[in-house]
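**Student:** The structure's right below; bear with me while I get my questions together.
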Amino acid sequence: YYAANMLYETRDGGKSWRVISPDLARPSPGVPASLGTLADGYPKAARHRGAIYALAPSYRSAGTLWAGTADGFVWSTHDGGKHWKNITPDDSIPWSKVTQIDASRFDDRSVYVSVSRMRIDDLRPYIYRTHDGGRTWRKIVDGLPDDSPVDTVRADPLRQGLLYAGTETGVWVSFDDGGHWQSLQLNLPHTSMRDLEVHGDDLIVATHGRSFWILDDIAPLRQASAGIARADTYLYRPAAAYRVRRDTNTDTPLPPDEPAGQNPPDGAIIDYVLARSGARSVSLEIFDAHGALVRRYSSADKPEITDAEIAKQLIPGLWVRRFRSLGVAAGMHRWVWDLRYAAPPSIEHSYPIAAVAHATPRLPLGPLAVPGRYTVRLTVDGRSSSAPLVVKMDPRVKVSPGALARQLQLAQRLAAMMAKMAKMATSARMPMQTHSPATALVQRLRHIDGDINGLYADVTGADADPTVAQRNAADELALYVTALQKRWRMLARAAGKLTVRAGPRS
């Protein structure tokens, strides 16, 4: 469709167009009083014609369209434009601009209309709702500020009665079909919010400042209720997460002061709420479809590397992703599972050249979980609740589930080898460090660990079935690890202690 003062339709991709409406603009809007005497020298001012400014095709009926004009008219057709009906709300006066119309996904007679009268110095908000195809309208603005015209209104496609509105100063949400509105501003600047769009589980805002802002994962908004508000703790059902890999661009990263958009969280977004502060312990666990533990987080977790140690590294600390633990304070909490198993202990660590300020992870990362169904379990002071989580494949990648399962199996095997090497290296450096055989062992451990790390990076670096060469290399490295373990035990016995110190945390 293409809208001017009449509506045009194409069915051949724009090669030809046909008119499917009469002139829908107001015939004689008159001269707005806000112009004062400025129009006195322009005799045609009263005959200024508007245009179709908002159009909403029905989501349920191919022949139903809703149109709103820049001079306050609202129209509908239910036969593809053969017949139009003026269904304008009674108090929609001339020079009222219909800024947006959004049709309901749940029935073919419910529509939401936003109107701005800013051009006639009326800064009050106007949003209208109909559930009978436009026969009757109700103005729904309770809670909106009196000095902020409305530029956009959207109905959530999944939860009936959940509405979003954008005004000249902010973004608003209603959980009761527009009966009451409350702010959804969060960290948004106060500017003109010209359009909203719900895409999947995200809410997108387009501002008059030519910026795009995205509220990642509105699943909690779709589940919000009075019962949840009264609960001591609540684990929201997470939205589906996509198994998308982080950027692997090997070019020089953008400097941190270079203007750039922020990427969405890289994983599954898990939201939970605590009604009271002072929880002694909070944990999140992710289990696979067979009930096996994949990852565990706790409010008692400690960082694997301290800020002081980060400051001594070659890479500047501003690039490094810092440690976080689960929150225990009252209020909403958001945690992101990166869709990975725990990182394997390693003798050596590094950072990828594909760096992002404040978000560059330390390598090696844990193996990526495969697409499928998982369960998230929240435990607060011994009381647990669970929610399902679906992990989906990156839609751009075509690989079989069997290939990913074999990749995970080999990655976990290599990660276990790294853990054994790290434990031996830690022990060999302690009581046996005065023995020259121990020094030689540590050197050998570092060499073999480097080979394992390299193979691990190759196996996990792309979504692909492990090659025959990779599987054979893993078998060969496993033999080296077994031989080194025997040598380590011999040296440990010679040093008088078989077990000296536990290996690093996994």
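**Student:** Return yes or no: is E348 closer than 23 Å to L414 by Cα and open to solvent by 50 Å² or more (accessible area, probe 1.4 Å)? Talk me through it step by step, then tell me what you get.
**Tutor:** On the way: closer than 23 Å to L414 by Cα: yes; open to solvent by 50 Å² or more (accessible area, probe 1.4 Å): yes.
Yes.
**Student:** Those residues that are of a type in the set (K, R) and more than 15 Å from V113 (Cα to Cα), I need them from segment 139-166; list them, please. Give the steps one after another, and end with the answer.
**Tutor:** Here is the first cut: in segment 139-166, the ones of a type in the set (K, R) are 139, 154, 159.
Hit for segment 139-166 is R159, nothing else.
**Student:** Just the residues that are free of Cβ contacts under 8 Å to residues at least 24 places away in the same chain and either open to solvent by 50 Å² or more (accessible area, probe 1.4 Å) or closer than 23 Å to Y126 by Cα (or both), please, taken from segment 53-74. Step through it out loud before you land on a result.
**Tutor:** Keep residues of segment 53-74 that are free of Cβ contacts under 8 Å to residues at least 24 places away in the same chain, which gives 62-63.
Matches in segment 53-74: A62 only.
**Student:** Could I ask something else about it? For segment 186-198, which residues satisfy the criterion of being within 21 Å of R124 (Cβ to Cβ), of a type outside the set (S, T, N, Q) and open to solvent by 10 Å² or more (accessible area, probe 1.4 Å)? Talk me through it step by step, then tell me what you get.
**Tutor:** First, pick out the residues of segment 186-198 that are within 21 Å of R124 (Cβ to Cβ): 190-196.
Those left that are additionally of a type outside the set (S, T, N, Q): 190, 193-196.
Passing the criteria: H190, R194, D195.
**Student:** Could I ask something else about it? So which of P303, P361 is open to solvent by 50 Å² or more (accessible area, probe 1.4 Å) and modelled with pLDDT under 95? First the steps, then the outcome.
**Tutor:** Working: P361 fails: open to solvent by 50 Å² or more (accessible area, probe 1.4 Å).
Result of the check over P303, P361: P303.
**Student:** Follow-up question, since we're still on this one. Collect the residues in segment 75-105 that are buried (at least 18 other Cβ atoms within 10 Å of the Cβ) and charged (D, E, K, R), keeping them in residue-number order.
**Tutor:** K97, D102 - these are the residues of segment 75-105 that are buried (at least 18 other Cβ atoms within 10 Å of the Cβ) and charged (D, E, K, R).
**Student:** Further question on the same structure: Among (1) within 20 Å of the chain's Cα centre (by Cα); (2) modelled with pLDDT of 95 or more; (3) within 30 Å of D251 (Cα to Cα); (4) surrounded by fewer than 17 Cβ atoms within 10 Å (Cβ to Cβ), where does V370 come up short?
**Tutor:** (4)
**Student:** Would you tally the residues in segment 392-410 being open to solvent by less than 40 Å² (accessible area, probe 1.4 Å) and charged (D, E, K, R)?
**Tutor:** 1
**Student:** Shifting gears a bit: Consider segment 169-185. How many of its residues are open to solvent by 40 Å² or more (accessible area, probe 1.4 Å) and either closer than 16 Å to V205 by Cα or not in a loop (DSSP other than H, G, I, E, B) (or both)? Please lay out each step first, then the result.
**Tutor:** To start, the set of residues in segment 169-185 that are open to solvent by 40 Å² or more (accessible area, probe 1.4 Å) comprises 169, 172, 175-176, 180, 182-183.
Then drop every residue that is not either closer than 16 Å to V205 by Cα or not in a loop (DSSP other than H, G, I, E, B) (or both), which leaves 169, 172, 182-183.
Selection size over segment 169-185: 4.
**Student:** Let me ask something else about it. Where residues in segment 453-483 are in contact with a helix residue (DSSP H, G or I) (Cβ under 6 Å, 6 or more places away or on another chain) and more than 20 Å from A405 (Cα to Cα), which of them is most open to solvent (accessible area, probe 1.4 Å)?
**Tutor:** The extreme case among them is Y480.
**Student:** List every residue pair whose Cβ atoms sit under 7 Å apart, with the two residues 6 or more apart in sequence or on different chains, where the first one lies in segment 91-102 and is among the basic types (K, R) and the second, anywhere, is open to solvent by 20 Å² or more (accessible area, probe 1.4 Å).
**Tutor:** K97/Y53; K97/R119
**Student:** Hey, another quick one. Do you know which of the residues in segment 6-33 that are without any contact (Cβ under 8 Å) to a residue 60 or more places away in the chain and of a type in the set (S, T, N, Q) is least open to solvent (accessible area, probe 1.4 Å)?
**Tutor:** We begin by selecting, within segment 6-33, every residue without any contact (Cβ under 8 Å) to a residue 60 or more places away in the chain; these are 6, 8, 10-19, 23, 25, 27-28, 31.
From the residues that got through so far, the ones that are of a type in the set (S, T, N, Q) too are 10, 16, 28.
Numbers: T10: 38, S16: 61, S28: 79 Å².
Step by step, filter segment 6-33, then rank; the result is T10.
**Student:** Has segment 34-52 got any residue that is surrounded by 13 or more Cβ atoms within 10 Å (Cβ to Cβ) and in contact (Cβ under 8 Å) with a residue 60 or more places away in the chain?
**Tutor:** Yes - at least one qualifying residue is present in segment 34-52.
**Student:** Collect the residues in segment 286-296 that are open to solvent by 20 Å² or more (accessible area, probe 1.4 Å) and either in a strand (DSSP E or B) or in contact with a Lys or Arg (Cβ under 6 Å, 6 or more places away or on another chain) (or both), keeping them in residue-number order. Break it down into steps so the answer makes sense when it comes.
**Tutor:** Initially, segment 286-296 is screened for residues open to solvent by 20 Å² or more (accessible area, probe 1.4 Å), giving 287-293, 295-296.
Listed by number, the residues that qualify are F287, A289, L293, R295, R296.
**Student:** Mind checking whether some residue in segment 423-438 is open to solvent by 40 Å² or more (accessible area, probe 1.4 Å), part of a helix (DSSP H, G or I), farther than 19 Å from R295 by Cα and at pLDDT 95 or above? It would help to see each step written out before you state the result.
**Tutor:** Step one: filter segment 423-438 for residues open to solvent by 40 Å² or more (accessible area, probe 1.4 Å), giving 423, 429-431, 433-437.
Checking the rest, the ones that are also part of a helix (DSSP H, G or I) come to 423, 436-437.
Those still in the list that are farther than 19 Å from R295 by Cα too: 423, 436-437.
Still in the running and at pLDDT 95 or above: none.
No: zero hits.
Yes/no matrix, rows are residues, columns are (1) open to solvent by 10 Å² or more (accessible area, probe 1.4 Å); (2) modelled with pLDDT under 95; (3) under 25 Å from L162 (Cα atoms); (4) touching a Phe, Trp or Tyr at 6+ places or on another chain (Cβ under 8 Å):
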| site | (1), (2), (3), (4) |
| --- | --- |
| D107 | yes, yes, yes, no |
| V111 | no, no, yes, yes |
| S114 | no, no, yes, yes |
| R119 | yes, yes, no, yes |
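**Student:** Quick check on segment 186-194. Is at least one of its residues hydrophobic (A, V, I, L, M, F, W, C), out of contact with any Lys or Arg (no Cβ under 9 Å at 6 or more places or on another chain) and closer than 23 Å to V74 by Cα? Don't jump to the end; show me each part of the working.
**Tutor:** If we filter segment 186-194 for residues that are hydrophobic (A, V, I, L, M, F, W, C), which is where we start, we get 186, 188, 193.
Narrowing the set further to residues that are out of contact with any Lys or Arg (no Cβ under 9 Å at 6 or more places or on another chain) leaves 186, 188, 193.
This time we only want the ones that are closer than 23 Å to V74 by Cα, so: 193.
Yes - at least one qualifying residue is present in segment 186-194.
**Student:** Given the conditions (1) surrounded by fewer than 17 Cβ atoms within 10 Å (Cβ to Cβ); (2) outside any strand (DSSP E or B), and given that V328 satisfies all but one, which numbered condition is not satisfied?
**Tutor:** (1)
The values are calculated or read from the model by the stated rules, or taken from the named source; none is laboratory data. Owing to the predicted nature of the structure, the values given are computational and were not obtained by experimental measurement. Cβ coordinates were reconstructed from backbone atoms using ideal geometry, including for glycine residues, and neighbour counts include every protein chain displayed. Heads up: the accessible areas ignore ligands, DNA and RNA and are worked out on the full protein's heavy atoms, side chains in. Shrake-Rupley method; radii C 1.70, N 1.55, O 1.52, S 1.80 Å.
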